[in-house]
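Take a look at the structure below.
The values are calculated or read from the model by the stated rules, or taken from the named source; none is laboratory data. Here the structure is a predicted model, which means the values were calculated and not measured. Note that we place each Cβ from the backbone using ideal geometry, even for glycine, and neighbour counts take in every protein chain shown. We work out accessible area using only protein heavy atoms, side chains counted, and drop any ligands, DNA or RNA first. Shrake-Rupley method; radii C 1.70, N 1.55, O 1.52, S 1.80 Å.
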Amino acid sequence: GGDLEIKLARYNRVYQPGEVIQGEAHITTKGGLSHNGINLKAEGLVQQQLSANSVGLLEAFSSSLKPYILLTQAKQVQPPGKLGDGKIAVPFELKLESTGTKPLLDTYHGIYLCVQYTLTVEVLKSGMFGQ
């Protein structure tokens, strides 16, 4: 077991298309950890959001509207191996580019719609059950 925290190199977290997102994944382990690789994933979605006010109005459409993918990128930031005991910093960088032909949109949280971007670091554990 252990803890994982993502630290971005820039204090200002506003990125424009074409810029490189840089940072480190700080992983803390007790006694070390064998893994099958460490992956970085960036995802951008436009999705319907139901508020308490809109439940009756939009619930009929909620099953038919699927999230629209603006961005999906993944890359391995560390090959399979072993992390030592304590805190380890795993550097990463990823160029921000849209998936497909649609441009990236600004982050937005409205009453009915949400445009959101997430950055995830995944440590693939060794052993029978993986992840």
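State which residue pairs qualify: first residue among the β-branched types (Val, Ile, Thr) and inside the range 79-105, second residue open to solvent by 60 Å² or more (accessible area, probe 1.4 Å) and not in a loop (DSSP other than H, G, I, E, B) in any location, beta carbons under 7 Å apart, and separation of 6 or more residues or different chains. Close Cβ pairs satisfying both conditions: 90/24; 99/69; 99/72. Provide a single number: the residues in the range 95-111 that are surrounded by 14 or more Cβ atoms within 10 Å (Cβ to Cβ) and on the phi > 0 side of the Ramachandran plot. So the answer is 0. Against the definition (in contact (Cβ under 8 Å) with a residue 24 or more places away in the chain, in a loop (DSSP other than H, G, I, E, B) and not β-branched (Val, Ile, Thr)), how does residue 15 come out, yes or no? For residue 15, the condition - in contact (Cβ under 8 Å) with a residue 24 or more places away in the chain, in a loop (DSSP other than H, G, I, E, B) and not β-branched (Val, Ile, Thr) - is met. Scanning the range 112-131 for residues that are exposed (fewer than 12 other Cβ atoms within 10 Å of the Cβ) and farther than 20 Å from residue 44 by Cβ gives 127, 128, 129, 130, 131.
For the range 10-49, filtered to residues that are surrounded by fewer than 17 Cβ atoms within 10 Å (Cβ to Cβ) and among the small types (Gly, Ala, Ser), the residue that is nearest to residue 97 (Cα to Cα) is 18.
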